[in-house]
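Student: Okay, handing you the structure first.
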Amino acid sequence: MATAELKENKESRNPEAGEFKDQVIYVGRVTKVVKGGKNFSFSALVVVGDGNGKVGFGLGKALEVPSAIKKGIESAKRNMIRVPLTPNGSLPHPVTGIFGSGSVLLKPAPEGTGIIAGAAVRAIMEAAGIHNVMTKSLGSSNPHNVVRATFEGLKELMDPYTVLTNRGLDQAEA
């Protein structure tokens with residue numbers, strides 16, 4: 001009996017079974033003044049990732065903060081992307097993501113550099129499993145625009161092996 005329970009616990013902690021790390025980037029509060037008083041509503045910007053190249057973000061809105069965060073997590077799980085990583089946990093090449101007035105520069109870094117980034121971009125990099133990267137947020141400091149610009153940059157990343165295949169080269173030739 002005890003070994004069966006242990007096996008179930010190990011299987012439930014398996015990342016392929018759907019275990020993701022989530023991090024709240026921003027919680028916004030909106031107040032609407034009405035005849036009877038004030039109505040509060042909350043929005044939560046959340047990043048979800050498996051720490052192995054899959055990451056997504058979502059926005060949840062609700063009358064309570066926990067409900068908004070839960071909705072944001074569900075939205076992030078539906079909008080996940082795959083990010084190509086190098087063996088040292090960095091990006092394959094530099095890229096700039098642009099969304100609205102915000103742009104984010106993402107550059108690969110050598111082993112041991114760590115994550116040099118602002119709060120919003122740092123949360124995305126940690127969730128994606130990127131350990132060595134240098135970033136700079138240019139333009140807007142609005143967390144929504146910074147997150148969307150970062151994701152636009154991550155979508156533009158290309159895996160070196162895919163590029164070789166598209167060019168008709170073998171990996172041995174390169």
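Student: How far is the Cα center of region 31-52 from the Cα center of region 97-173, in Å?
Tutor: Rounded to whole Å, the Cα centres lie 27 Å apart.
Student: Give the accessible surface of the chain per residue, rounded to a whole number of Å², with probe radius 1.4 Å and ligands, DNA and RNA excluded. Mind dumping the intermediate values first?
Tutor: Values: 10570 Å² over 174 residues.
Using a 1.4 Å probe on heavy atoms only, each residue of the chain averages 61 Å².
Student: Give the calculated FRET efficiency between V34 and K107 to the nearest 0.05, with a Förster radius of 41 Å applied to their Cβ-Cβ distance. Intermediate values should be presented prior to the final figure.
Tutor: On the way: r = 49 Å, r/R0 = 1.19.
Using R0 = 41 Å, I get an efficiency of 0.25.
Student: Next up: List the lysines whose Cα sits under 21 Å from the Cα of K70, skipping any in the same chain fewer than 8 residues away.
Tutor: K21, K54, K61
Student: Let me ask something else about it. Nearest 500 deg cm²/dmol is fine: what mean residue ellipticity at 222 nm does the chain get from its DSSP H runs of n ≥ 4 alone, each adding -39,500 (n - 2.57), divided by its residue count? Could the numbers behind the result be given before it?
Tutor: Numbers: 5 runs with 56 residues, N = 174.
The helix-only estimate for the chain comes to -10000 deg cm²/dmol at 222 nm.
Student: In whole percent, and with a 1.4 Å probe on the protein chains, what portion of the accessible area of region 45-125 is carbon and sulfur? Show your work: numbers first, answer last.
Tutor: On the way: 2170 of 3810 Å².
Carbon with sulfur: 57 percent of the solvent-accessible area.
Student: Using a 1.4 Å probe on the protein heavy atoms only, what accessible surface does F20 show? Give it in Å² to the nearest 10.
Tutor: 60 Å²
Student: State, in angstrom, two size descriptors of the chain derived from its alpha carbons: Rg to one decimal place and Dmax to the nearest whole number.
Tutor: Every Cα atom of the chain included, Rg and Dmax give 19.3, 73 Å.
Student: Largest first, what is the accessible-area ranking of S43, S101, S90 with a 1.4 Å probe?
Tutor: On the way: S43 25, S101 85, S90 0 Å².
Heavy-atom accessible area, descending, gives S101, S43, S90.
The values are calculated or read from the model by the stated rules, or taken from the named source; none is laboratory data. Predicted, not measured: the structure shown is a model, and the values here were computed from it. A quick note on method: Cβ atoms are made from the backbone with ideal geometry, for glycine too, and the neighbour counts reach across all protein chains shown. Surface areas here come from the heavy atoms of the whole protein model, side chains and all, with no ligands, DNA or RNA. Shrake-Rupley method; radii C 1.70, N 1.55, O 1.52, S 1.80 Å.
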